[in-house]
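Remarks on the structure that follows.
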Amino acid sequence: MKRPPFHHFPFLSDEKVLLRQIEPGEVKDIIDISFYDAKKASSVSEALQMLEKIYLDYANGESIHWGIVDKTTNIIVGTCGYYRGFNYECGELGCVLIPQYQGFGFMTHAMQLSVDFGFNTMELKKIIAITRAQNTKAIDLMQRLGFLEMEKTNDSTLQFQNINKYTSLR
């Protein structure tokens, strides 16, 4: 399995989105979707501290975090990536989108690229995603991407899993 850090930070792209590393100067534009360990940033300063932790996690081989850029406007519309390490050749995929950009297909494209990268470049054997049971949009997304619901926990979260080589929906 190939894990971060890579010789060059991976840029992933298709006709709709570009996935790339977030720069400190861009944090102010995504503060509303800046999270670390499930805690939301409450200020630009706190979001910058979180970004530094994200950079460190990447350097330590524990995660990879991309900004999702709309290729027509060059605006960051969300984030996605692999978080919490890669034990047992497994990656946990997570994502968040700025609300005004929901419903335009950005996340479907970003997650397709992320899943392809996980299986084909990182050589993961399994990819999981966890969401709240009431998050129907995330559940629909996971199902469109070929993930199967595996487990419902006591705190009303669902775990999805994709263990097959991914076939692009495009």
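The numbers here are math on the coordinates, done by the rules we state, and not lab data. Just so we're clear, the structure is a prediction, and the values are computed from it rather than from any experiment. Note: ideal-geometry Cβ built from the backbone for every residue, glycine included; neighbour counts use all protein chains shown.
Starting from the Cα of Lys152, draw a straight line to each of the lysines and keep only those under 27 Å, dropping any in the same chain fewer than 8 residues away.
Lys39, Lys40, Lys125, Lys126, Lys137, Lys165
Label His7 and Ala133 with points 7 Å out from Cα along Cα→Cβ: what is the distance between them in nm?
Rounded to a tenth, the inter-label distance reads 4.8 nm.
Could you work out how much longer the chain between Lys126 and Lys39 gets when fully extended? Use 0.36 nm per residue separation minus the Cα distance between them, nm to one decimal.
Details: separation 87, 0.36 × 87 = 31.32 nm, distance 2.60 nm.
So the chain would gain 28.7 nm between Lys126 and Lys39.
Which Cys in the chain stand alone, with every other cysteine's Cβ at 4.7 Å or more from theirs?
Lacking a cysteine Cβ partner under 4.7 Å: Cys90.
Which Rg and Dmax, in Å, describe the Cα atoms of the chain?
15.1, 42
Order these by the 10 Å Cβ neighbour count, fewest first: Glu15, Glu92. Intermediate results must be reported in sequence, preceding the final value.
Working: Glu15 8, Glu92 18.
Listing Glu15, Glu92 from fewest to most nearby Cβ atoms yields Glu15, Glu92.
Quick check on the chain: helices-only [θ] at 222 nm, where DSSP H runs of length 4 and up contribute -39,500 (n - 2.57) each and the sum goes over total residues. Nearest 500, please.
-6500 deg cm²/dmol
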